[in-house]
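Before any comments, here is the structure.
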Amino acid sequence: MGACTSKITGRPAGKYNEMPAQSEKSTKSTDRLPVKILLLGASGSGKTTIFKQMRLVHHMPFSRQEIESYRQLIYLNVTDGLQSGISRMNTTGFFVSEENRELLRVVENCDRDLKDDQPFPSEYHHFIEWLWRDPNVQAVYRNGNEAGIPENLSYYSQNLDRLFDPHFQPNNQDILHAHVLSTGITETTFPLQTRHDLVLVDVGGSKSERRKWRYCAEGASAVLFVVNLAGYNQFMREDEDTNQMEDALALWEKTCRDPSLANTVLILLLNKCDLFEEKIAYADIKNFFPDYKGPSGDPEAGRKYFRNKFRDISREIFAAQKRNFHCHYTTATNTMNIRLVMASVQGTIFPSTTVTCFRS
Ligand SMILES: Nc1nc2c(ncn2[C@@H]2O[C@H](COP(=O)(O)OP(=O)(O)OP(=O)(O)O)[C@@H](O)[C@H]2O)c(=O)[nH]1
Ligand SMILES: [Mg+2]
């Protein structure tokens, strides 16, 4: 498998946003047929995570430089995520316990930028651990998470001993859990064994980024529309009055109706099934979607309910356009799951050709 080529359009130069392009050599392929697939969906739904999985599936490991950048990003995700989550929590009237207030002040003032090869400062290890375990932080995180405490803190907090080891190097799972808000449009070309190139387009999903999507629609064969299934009880980071699932439903309708995407195969990926399954045990769907009539705490019934909501929105639009509704449940941080889903997606996009976009 040859090197992939990456092109970033319309994004400001930023330490972390440049990451996908850093290791890839710019090679121009000739006489090859591009198969363009767009990753669309709201911010935090999992688009870039799927993009990273595609690199792994196509055996394009992260370079040393990328791994170092991710190590620094993980430190930022942990310190900044915890601190900003807690300060948003304060605005909704919840505070860390009295005994942990001093720790919070220390973490608030800690330097978020690590230098190359600088270990995570050991003095913050237990402070971060204690703050994360604070009963009020846990209560807010588990009960609606109006404060939008980042979900990846749950993963990183279980790995703090490893993260604070002076020789810590992120593994693929650590990298898959890292989050940076994507800006602009990143086009990455994966050469396939046939005469085709897979051109995968990753975009930013926050509200201010969505107007840029129209610049990447031309020539697209398919759209993978990614939804955070676990967002049913959360508000948007950039709009604290809008429920994430309501936003995703509205965005799905807009995407289905978009004339510039009328010739694409639209595939819905209901993502973060792992978090959905955990969350549904304590956050009843009925409390957020009163028309849910299924049993409480049943992930299967919950998944089906949301799938039907998306299907109902597209039913008439697709009937008029003679398009079919396609939907998969995914956990983007699980490489095997993405491998299997992508093999199935490939069959949907190219039912009668030999194009092999996704290695299975
Ligand atoms: N547990 C879990 N975490 C996930 C899953 N998919 C994505 N994440 C995490 O969710 C966060 C956001 O994922 P991204 O892929 O960066 O989201 P995005 O859609 O690219 O977001 P923007 O770039 O802001 O539009 C990251 O911390 C990911 O690791 C999943 O299926 N399960
Ligand atoms: Mg992204």
Pairs with Cβ under 6 Å, 6+ apart, first in the stretch 147-158 and β-branched (Val, Ile, Thr), second assigned to a helix (DSSP H, G or I) and more than 9 Å from ligand 1 (Cβ to nearest atom): 149/85; 149/141
Of all residues making up the stretch 233-264, the number that are at pLDDT below 95 and aromatic (Phe, Trp, Tyr): 1
Meets criteria (assigned by TED's automatic domain parsing to the domain that holds residue 245 and open to solvent by less than 20 Å² (accessible area, probe 1.4 Å)) for residue 198: yes
Some residue of the stretch 303-316 being more than 16 Å from ligand 1 (Cβ to nearest atom), closer than 21 Å to residue 250 by Cβ, at pLDDT below 95 and not in a helix (DSSP H, G or I): no
One residue from 304, 286, 254 being free of Cβ contacts under 8 Å to residues at least 40 places away in the same chain and farther than 18 Å from residue 233 by Cα: 254
The stretch 41-68: number of residues that are within 10 Å of ligand 2 (Cβ to nearest atom), part of a loop (DSSP other than H, G, I, E, B) and among the hydroxyl-bearing types (Ser, Thr, Tyr): 2
Which numbered condition residue 16 misses (of (1) modelled with pLDDT of 60 or more; (2) within 15 Å of ligand 2 (Cβ to nearest atom)): (1)
Candidate set from the stretch 185-197 (those that are at pLDDT 90 or above and over 22 Å from residue 72 (Cα atoms)); member that is nearest to ligand 1 (Cβ to nearest atom): 185
Options 263, 228, 287, 308; residue that is closer than 24 Å to residue 92 by Cβ and either surrounded by fewer than 16 Cβ atoms within 10 Å (Cβ to Cβ) or in the same structural domain as residue 155 (by TED's automatic domain parsing) (or both): 287
Residues satisfying the stated conditions in the stretch 122-149, i.e. open to solvent by 20 Å² or more (accessible area, probe 1.4 Å) and farther than 27 Å from residue 242 by Cβ: 122, 123, 124, 125, 126, 127, 129, 130, 133, 135
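The values are calculated or read from the model by the stated rules, or taken from the named source; none is laboratory data. Worth saying up front: this structure is predicted, and the values here are computed from it rather than measured. Counting neighbours? That spans all protein chains shown, and the Cβs are built from the backbone with ideal geometry, glycine included. We work out accessible area using only protein heavy atoms, side chains counted, and drop any ligands, DNA or RNA first. Shrake-Rupley method; radii C 1.70, N 1.55, O 1.52, S 1.80 Å.
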